[in-house]
Amino acid sequence: QVQLVESGGGLVQPGGSLRLSCATSGFILDDYVVSWFRQAPGKERMRVSCDSGRNDRTIYEDSVNGRFTFSRDNAKSTVYLQMNNLKVEDTAVYYCAADRWTWCDGSGSSVEGYDHWGQGTQVTVSS
């Protein structure tokens, strides 16, 4: 069965960095589209990055473009989100999500496009 477990969240000052990890099991990672979402209190869960695996395509939302970097380590079955120059507005619970049959430019843009989710990890950016 497909499983995803996030880690690496925590408290960081504005301008700081964090690296989130999403450990996966139960599937061949590169066969799946994987995205990172975040959800701030009282807000909708929104995608911040999407990677299409074997199609070799990664996209970022405008609010994080240039600051966040998605990567995969297929040997370790792990996905990462490197977050640099963090802002207070980045505070949220971050989730990884995966689906074999979605695509980044279509159904994979929203939560409905994914069958598999991690439990989330809290990122708090504060002075």
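The values are calculated or read from the model by the stated rules, or taken from the named source; none is laboratory data. The structure displayed is predicted, hence computed values, not measured ones. Counting neighbours? That spans all protein chains shown, and the Cβs are built from the backbone with ideal geometry, glycine included. Accessible surface areas use protein heavy atoms only, side chains included; no ligands, DNA or RNA. Shrake-Rupley method; radii C 1.70, N 1.55, O 1.52, S 1.80 Å.
Note down the relative contact order for the range 47-127 as a percent, whole number, built from C-alpha pairs under 8 angstrom at least six residues apart.
27
Using a 1.4 angstrom probe on heavy atoms only, work out the carbon and sulfur share of the accessible area of the chain in %.
Values: 2960 of 6670 Å².
Carbon and sulfur: 44 percent of the exposed surface of the chain.
Sum up the charges of everything whose Cβ sits under 15 Å from the Cβ of Val12, counting Lys and Arg as +1 and Asp and Glu as -1, but leave Val12 out. The partial results should precede the final answer.
Numbers: positive: Arg19, Arg38, Arg67, Lys87; negative: Glu89, Asp90.
For residues surrounding Val12, the net value is +2.
Using θ = phi - 60° and the Karplus form 6.51 cos²θ - 1.76 cosθ + 1.60, what ³J(HN,Hα) does each residue of the range 27-32 get, whole Hz, x for Gly and Pro?
With the stated coefficients, the range 27-32 comes to 7, 7, 4, 6, 7, 10 Hz.
Considering only the other residues whose Cβ falls under 12 Å of the Cβ of Val125, what net charge follows from Lys and Arg at +1 and Asp and Glu at -1?
Taking every other residue near Val125 into account, the sum is +1.
Suppose a student asked you for the relative contact order of the range 1-105, using Cα pairs under 8 Å spaced at least 6 residues apart; what percent would you report? Working shown, then result.
Working: 211 pairs, mean separation 36.8, N = 105.
After rounding, I find 35 percent.
What is the sum of charges around Tyr95, taking Lys and Arg as +1, Asp and Glu as -1, for the other residues whose C-beta is under 9 Å from the C-beta of Tyr95?
Result for the local shell: +1.
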